[in-house]
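*Asks:* Quick one: structure below, then a few questions.
The values are calculated or read from the model by the stated rules, or taken from the named source; none is laboratory data. Everything numeric in this text was worked out from a predicted model, so none of it was measured. Virtual Cβ from ideal backbone geometry, glycine too; neighbours counted across all protein chains shown.
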Amino acid sequence: MVGTGRGAEMGVLFKNAEALETLQKVDTVVLDKTGTITRGKPAVVDILPQVRSDGSAMTQKQLMKLACALERGSEHPLAEAIMDHADKLGIVARSVEAFRAIPGQGVTAREGQNVIAAGNARLMGSLGIAYSNETLVTLSAQGKTPLLFAKNGELVGIIAVADEVKPTSPEAIRALANLGIRSVMLTGDNAVTAQAIARSVGIDSAAVIAGVMPADKERHVHELQRAGHRVAMVGDGINDSPALARADVGLAIGAGADIAKEGADVILMHSDLADVARALELSRAVIRNIKQDLFWALFYNSLGIPLAAGVLYPLLGWQLSPMFGAAAMSLSSVCVVTNALRLRRFRSRSC
């Protein structure tokens, strides 16, 4: 009770005591990138029209109009970035037909007689559309996510979107490392972008899993568990819910989707990744406190009960008065409660 109460004061809401107990056993923390390591507010940073086979090219505004028409029906965070930027430019989204979202790849649609598409390199490859890999690598190395746009089977432009890393994320990763916790990053981004972001926060390159489809997050968590790890999953989106439920302990970002919070065991009310380290420290402190109380109770009663039973009477002719026995028992309870209340003054040492 004291531990969960102190957690709530810190902005870490434990839904049950089991989560508080299990968290201290965790050795691996899996982090969703968007909204967990980053702010979850992607923004358009580059608009790059591409020269077509006939030598023509769209203007930046024309490319944004095409992007806006395609992304208006998508709920993906990158689509929201496109729509926000279009709104700033005063662009009104045109309507499209036959809209289709392809999980982990992008979207396709038809605008009049034109077949249009937007997505990653995987989508362009499946549609047989040629693109410059050099441009994608350059953008990705800068931590940007390139979105490719095609019209009638030909690449017409690339829009780069970037999601700013939260200022507290590098410190949080260091704090977890100091606690002996391995951090693993899951992301749907390509490997180059993922590695750039991982480097910026201090996550080891070998602990980055890129190109993850939304439905595969749970599988990756399960694979870590089968390898013998105790896993905590931190996420904020709808597609994180299965992984949060699969993990030994699921931690949801407070600003995330309601369904993610419903499937989690712990809610980080401040949406701060550093609270993961604080929650781990609190969990360890609570279990340490419980062990201290159990040891004290066992030691105290191992001495007190024989004395109350008169074990010394045959030797010394002395026995414990019932009144003193009752007082001694009360003193034991007071000591245990007082030790537990020390948790109310708990302070994180790692961050």
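*Asks:* Name every residue in the range 132-179 that is within 14 Å of LEU48 (Cα to Cα), touching a strand residue (DSSP E or B) at 6+ places or on another chain (Cβ under 7 Å) and of a type in the set (D, E, K, R), in order of residue number.
*Replies:* Hit for the range 132-179 is LYS144, nothing else.
*Asks:* Here are some residues: GLY128, GLY90. Which one is under 11 Å from ALA150 (Cβ atoms), modelled with pLDDT of 90 or more and either in contact with a Phe, Trp or Tyr (Cβ under 6 Å, 6 or more places away or on another chain) or not polar (S, T, N, Q) (or both)?
*Replies:* GLY128
*Asks:* Restricting to the range 122-155, give me the number of residues that are within 23 Å of GLY73 (Cα to Cα), small (Gly, Ala, Ser) and outside any helix (DSSP H, G or I).
*Replies:* 2
*Asks:* Here's something else I'd like to know. Is there a residue in the range 53-73 that is of a type in the set (A, V, I, L, M), at pLDDT below 90, surrounded by fewer than 18 Cβ atoms within 10 Å (Cβ to Cβ) and in contact with a strand residue (DSSP E or B) (Cβ under 7 Å, 6 or more places away or on another chain)?
*Replies:* No, the range 53-73 has no match at all.
*Asks:* Give me the pairs: first residue in the range 3-19 and over 13 Å from ALA264 (Cα atoms) and modelled with pLDDT under 85, second residue aromatic (Phe, Trp, Tyr) and assigned to a loop (DSSP other than H, G, I, E, B), beta-carbon distance under 7 Å, and six or more apart or on different chains, which are they?
*Replies:* Partner pairs satisfying both residue conditions: ARG6/PHE346.
*Asks:* Search the range 152-169 for residues being of a type outside the set (Val, Ile, Thr), more than 17 Å from LEU280 (Cα to Cα) and within 19 Å of the chain's Cα centre (by Cα), and hand back the single one that is surrounded by the most Cβ atoms within 10 Å (Cβ to Cβ).
*Replies:* Out of the qualifying residues, it is ASP163.
*Asks:* Let me ask something else. For the range 186-208, give me each residue that is surrounded by 19 or more Cβ atoms within 10 Å (Cβ to Cβ) and under 20 Å from LYS166 (Cβ atoms).
*Replies:* Scanning the range 186-208 gives LEU186, THR187, GLY188, ASP189, THR193, ALA194, GLN195, ILE197, ALA198, VAL201, ILE203, VAL208.
*Asks:* Next question. Note down all Cβ pairs under 7 Å where the first residue falls in the range 24-52 and is over 22 Å from HIS229 (Cα atoms), the second is of a type in the set (S, T, N, Q) and part of a loop (DSSP other than H, G, I, E, B), and they're at least six residues apart or on different chains.
*Replies:* As it stands, the answer is PRO49/THR59, since those pairs meet every condition given.
*Asks:* Let me ask something else about it. Those residues that are of a type in the set (A, V, I, L, M, F, W, C) and out of contact with any strand residue (DSSP E or B) (no Cβ under 8 Å at 6 or more places or on another chain), I need them from the range 180-215; list them, please. Full working, then the answer.
*Replies:* Initial filter on the range 180-215 (of a type in the set (A, V, I, L, M, F, W, C)): 181, 184-186, 191-192, 194, 196-198, 201, 203, 206-210, 212-213, 215.
Answer for the range 180-215, where residues must be of a type in the set (A, V, I, L, M, F, W, C) and out of contact with any strand residue (DSSP E or B) (no Cβ under 8 Å at 6 or more places or on another chain): VAL192, ALA196, ALA206, ALA210, MET213, ALA215.
*Asks:* Another question about this same structure. Among the candidates VAL212, VAL192, VAL184, which residue alone is in a loop (DSSP other than H, G, I, E, B) and either within 17 Å of LEU244 (Cβ to Cβ) or touching a residue at least 24 places away in the same chain (Cβ under 8 Å) (or both)?
*Replies:* After ruling out the rest, the residue left standing is VAL212.
*Asks:* Among the residues of the range 162-181, how many are part of a loop (DSSP other than H, G, I, E, B) and either assigned by TED's automatic domain parsing to the domain that holds LEU147 or of a type outside the set (Gly, Ala, Ser) (or both)?
*Replies:* Residues meeting the conditions: 7.
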